[in-house]
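For reference, the structure discussed in these notes is given below.
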Amino acid sequence: MVDFTNIRTPFYLYDLNLLEKTVSYAMKEAARHGFVIHYAIKANSNPLVSGIIRDSGIGVDCVSGNEVIKSIELGFPRKGVVFAGVGKTDEEIQVALDEDILCLNCESVEELRVIEEIAKNSGKVARVALRVNPSVEAPTHHYIATGMDENKFGISLPYLQAALDVCSGSEHLDFIGLHFHIGSQITSLEPYRRLCERVNQIWKEFNISGYGGHILNMGGGLGIDYNDPEMNPIPDFASFFEVFSETLTLPAGIEIHFELGRSLVGQCGRIVTRVIYTKQGIGKKFVITDAGMTELMRPSLYQAVHKISNISSSGDPETYDIVGPVCESSDIFAKDAILPVTNRGDLLQILSCGAYAESMTLNFNLRDKPASLFMSEGNILKAEEYEAIQSMQSANL
Ligand code: LLP
């Protein structure tokens, strides 16, 4: 059992062995079908976490100019970088063109014209994929569904022809294919089957191959098990990829890409937090932790459930609301959670915090940014220490 007692809480704690296993399983299953993976770096841009993904040969999916720059600094090859986002600024488009990344995933006809103009002024040809809003429902929280008419993402089908015409009429745009992403934390494969069927139709109806389309990017969104992460630490990539392989009926030679975020990194991270106080309220007891929504915003923002356990106590079960210290009533990790009797000073761990936790930290209330630490054979190490051990081990091999 790892000794957490003398470490300043809260902190993010990563299990990079689990990450390596997850990534190599995803790569193995993708390779079976010849699929290409990009990592949605918005999920977690910690250098050691991203480094493992980069070393596996996975590319990167960015949603800001800074993510493009950071990915290249982290050593991801430029030709594996894709860049989506509904509101790319002129400066961000310029960065993408200067860095000569694989493609911009363009989300509107107006954006396409701006990309064309910027490419023309810089004497370049911009590789673009068109992000299409397929009007496919994803059963997830409405804040993380992206592929329906009401969502701001992608080009709606009635405007796809106009976008294709802009591409084919321009010397400064090189149309390479289509991009889709219907949402995040999708735990059923049915929506993906429906997406594939929709893509089959679109590809044919709009003669995408005829316009030079040879890449189909299906986005990400595969969910993880937040309820029982210890039982299901690695998502079922085999069944996920199988759906696309079975259902897509595209002409031969089309490259199929994915942008996986949460499914690669979600289970490799946790937050360790200390109980500052317990408090008896009217009809309920509170456990107040030193981590809050500033370190993990998901429960406040999407009513997300993360498994929480007390690693200091093994007393009788009690029911608590587990809340953070931030000056917001929505700063709640769990309502009516069952924990062993919990006291001031106990340590809790919040599981499944590898994705969209550290990358979504807030400075609200002028809170400190917590440390990111790494587990290695029963020890907890800083990034430098972890890297030193890794390089000693590889030198001894
Ligand atoms: N591709 C695009 C274009 C995306 O917008 C996203 C995520 C992904 C790929 C990766 O999705 P994933 O495989 O991680 O589901 N903060 C929210 C999730 C927001 C996801 C945003 N886009 C959460 O904590 O649940």
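The values are calculated or read from the model by the stated rules, or taken from the named source; none is laboratory data. Note that the coordinates shown come from a computational prediction; the quantities given were computed from them, not determined experimentally. Neighbour counts run over all protein chains shown; Cβ positions are idealised from the backbone, glycine included. Heavy atoms of the whole protein, side chains included, go into the accessibility calculation; ligands, DNA and RNA do not. Shrake-Rupley method; radii C 1.70, N 1.55, O 1.52, S 1.80 Å.
Is it true that some residue in region 137-151 is away from the ligand (no atom under 16 Å from the Cβ), of a type in the set (Phe, Trp, Tyr) and part of a helix (DSSP H, G or I)?
No: region 137-151 contains no residue that is away from the ligand (no atom under 16 Å from the Cβ), of a type in the set (Phe, Trp, Tyr) and part of a helix (DSSP H, G or I).
Hey, does region 252-272 have a residue that's more than 16 Å from the ligand (Cβ to nearest atom) and assigned by TED's automatic domain parsing to the domain that holds LEU347?
yes
Restricting the search to region 325-358, which residues are surrounded by fewer than 19 Cβ atoms within 10 Å (Cβ to Cβ) and hydroxyl-bearing (Ser, Thr, Tyr)?
SER329, SER330
Starting from region 297-311, keep only residues that are assigned by TED's automatic domain parsing to the domain that holds ARG274, then list their pairs with residues that are open to solvent by less than 30 Å² (accessible area, probe 1.4 Å) and assigned to a helix (DSSP H, G or I) whose Cβ atoms are within a distance under 6 Å, requiring at least 6 positions of separation or different chains.
These pairs meet every condition: ALA304/ARG298.
Pairs needed: first member in region 109-133, assigned by TED's automatic domain parsing to the domain that holds ARG194; second member anywhere, among the small types (Gly, Ala, Ser) and part of a helix (DSSP H, G or I); C-beta distance under 6 Å; at least 6 residues apart or different chains.
So the pair list comes out as VAL109/ALA162; VAL109/ALA163; LEU112/ALA163; ALA126/ALA119; LEU130/ALA163.
In region 241-280, what residues are open to solvent by less than 60 Å² (accessible area, probe 1.4 Å) and acidic (Asp, Glu)?
The one that is open to solvent by less than 60 Å² (accessible area, probe 1.4 Å) and acidic (Asp, Glu): GLU259.
Can you find a residue that is out of contact with any strand residue (DSSP E or B) (no Cβ under 9 Å at 6 or more places or on another chain), without any contact (Cβ under 8 Å) to a residue 60 or more places away in the chain and either open to solvent by 20 Å² or more (accessible area, probe 1.4 Å) or within 14 Å of the ligand (Cβ to nearest atom) (or both) anywhere in region 166-180?
yes
Under 6 Å between Cβ atoms, at least 6 apart or on separate chains: pull out the pairs that start in region 141-158 with a residue that is open to solvent by 100 Å² or more (accessible area, probe 1.4 Å) and end on any residue that is aromatic (Phe, Trp, Tyr).
Pairs found: TYR143/TYR302.
Out of the residues in region 196-223 meeting the condition of being open to solvent by 40 Å² or more (accessible area, probe 1.4 Å) and part of a loop (DSSP other than H, G, I, E, B), tell me which one is farthest from the ligand (Cβ to nearest atom).
Of region 196-223, the ones open to solvent by 40 Å² or more (accessible area, probe 1.4 Å) are 197-198, 201, 204-205, 207, 209-211, 214.
Next, only the ones that are part of a loop (DSSP other than H, G, I, E, B) stay: 207, 214.
On the way: ASN207: 25, HIS214: 20 Å.
The residue in question is ASN207.
Only one residue in VAL86, VAL63, VAL82 is open to solvent by 40 Å² or more (accessible area, probe 1.4 Å), in contact (Cβ under 8 Å) with a residue 40 or more places away in the chain and within 16 Å of the ligand (Cβ to nearest atom), so which one is that? Steps first, answer last, please.
On the way: VAL63 fails: in contact (Cβ under 8 Å) with a residue 40 or more places away in the chain; VAL82 fails: open to solvent by 40 Å² or more (accessible area, probe 1.4 Å).
Just one listed residue meets the conditions, VAL86.
Can you tell me which residue within region 309-323, out of those that are in a strand (DSSP E or B) and of a type in the set (S, T, N, Q), is nearest to ASN232 (Cα to Cα)? Before the answer, list the steps.
Pass one, region 309-323, residues in a strand (DSSP E or B): 309-310, 317-323.
Filter again for of a type in the set (S, T, N, Q), leaving 309-310, 319.
Details: SER309: 17, ASN310: 20, THR319: 25 Å.
For region 309-323, the residue satisfying everything is SER309.
List pairs: first residue in region 232-251 and closer than 24 Å to ALA355 by Cα and not assigned by TED's automatic domain parsing to the domain that holds GLN201, second residue part of a helix (DSSP H, G or I) and modelled with pLDDT under 95 anywhere in the structure, Cβ distance under 8 angstrom, at least six positions apart or on different chains.
From region 232-251, no pairs qualify.
Identify, by number, the condition in (1) farther than 29 Å from CYS106 by Cα; (2) not assigned by TED's automatic domain parsing to the domain that holds ASN105 that LEU48 doesn't meet.
(2)
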